[in-house]
Structures are given as C-alpha cells and as structure tokens.
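Everything on this sheet refers to the single structure shown next.
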Amino acid sequence: MRVALLAAFIFAAASPAFAEELFLACSGQGTYQDTSGTTVTVHNYGTSQSVSTYGTTTGQGVTVASVGFELTNSGARIRMPPVMTPSINVGSDAGWWPVDRLNITPTEITGRFTLNLFNKPSIRIDRVRGSIEVDGSFDYYFLGDCERIETPTATRF
C-alpha cells in the first residue's frame, strides 16, 4: 500500500498538470533580427548608362510590445508580437505558438517554443517577480513584466 501511495505521489509531482489556469499579458521590450532591402542605381552621365543593384542588410530591430502566455490543462502557449515573427517559420495558430519542455514550479515556469528550424527560444517566467524572459537565436530576446488576466475573453471596457 505504501509503495502504491509513494508511486502515485512521485507521478503527481513529476506531472506537468496543474490545478489552475493561468493567463498573462506581459509588456516589455524585444529585439529581433531585422532584414531590409535597398535598390541602388548608379548613373554615368558621360556615357548615359545606368546600373542598378539590389542589396540586403541585416541588423537588430527593437520593439516595445506585449506578449501573451496561457497555461491550461491542455498545455501552454505563447503569443509573440508579429514584428518578432521571422518570415520563415513553422507556422502558428493565429499567432500562438505551443510551448514544449514545460516545467512548472511554485517560483517559475519554463519552457520552449519553435519558431523555425534554427530558432527555438526558451521562456522563463518568474512567478515571484512577475517577469518574463524569452531568449532565442539571432538577437531574438524579450523581457517584460506580466499581469494576470482573470478571464481572457472578457473585455476591460
């Protein structure tokens, strides 16, 4: 009997299931890889000839934005700002990305989501401070403060 109770306790402690739903709205600042293109035309007035070329530049974009995070009995998902979504991605559900490798403790929630083959950002939510950190490849980073939303479908006004 004790072995069965101990096994049930260990299974329950290791399970990512949770008793309550959690909905967060997190405001902060994000950085991401930004690519822009430019066409340059050079004209030689002596020969009346023109040459055009197209070039791309890659830099770091910065945005002030909001991130959504939902934790339900069916799992977790995150909604990143559209400007931080790379053009080549694995697809999302209306902007929501499923979170895998979910780990929930009384003080933090961690996980990861897949934007594309090369970028699988990690998520860390500090449940004590109320902050979120999303850290990925190629200058992909978001840091913000979260507030709990009691009913995600309710309007504020």
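Taking the conditions (1) closer than 30 Å to L115 by Cβ; (2) outside any strand (DSSP E or B) in turn, S66 satisfies each one other than (2).
So that you can scan it fast, the table gives a plain yes or no per residue for (1) under 10 Å from the mean Cα position of the chain (by Cα); (2) open to solvent by 70 Å² or more (accessible area, probe 1.4 Å); (3) under 17 Å from S137 (Cα atoms):
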| residue | (1), (2), (3) |
| --- | --- |
| E70 | no, no, no |
| S74 | no, yes, no |
| M80 | yes, no, yes |
| T85 | yes, no, yes |
| D93 | no, yes, no |
| V99 | yes, no, yes |
| I104 | no, no, no |
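A search for C-beta distances below 9 Å between a residue of the stretch 90-110 that is charged (D, E, K, R) and any residue that is open to solvent by 40 Å² or more (accessible area, probe 1.4 Å) and part of a strand (DSSP E or B), counting only pairs 6+ apart in sequence or on different chains, returns D93/R77; D100/R112; R101/R112; R101/S122; E108/R124. Remark: pairs (first residue in the stretch 132-157, among the acidic types (D, E); second residue open to solvent by 100 Å² or more (accessible area, probe 1.4 Å); Cβ separation under 9 Å; 6+ apart in sequence or on different chains) = D139/Q60; D145/R129. The set of residues in the stretch 137-157 that are within 30 Å of T35 (Cβ to Cβ) and either hydroxyl-bearing (S, T, Y) or at pLDDT 95 or above (or both) comprises S137, Y140, Y141, F142, L143, G144, D145, C146.
The values are calculated or read from the model by the stated rules, or taken from the named source; none is laboratory data. The shown structure was predicted, so the numbers you read here are calculated from the model rather than taken from an experiment. When we count neighbours, we look across all protein chains shown, and the Cβ atoms used for this are built from the backbone with ideal geometry, even at glycine. Surface accessibility is based on the protein's heavy atoms, side chains included, excluding ligands, DNA and RNA. Shrake-Rupley method; radii C 1.70, N 1.55, O 1.52, S 1.80 Å.
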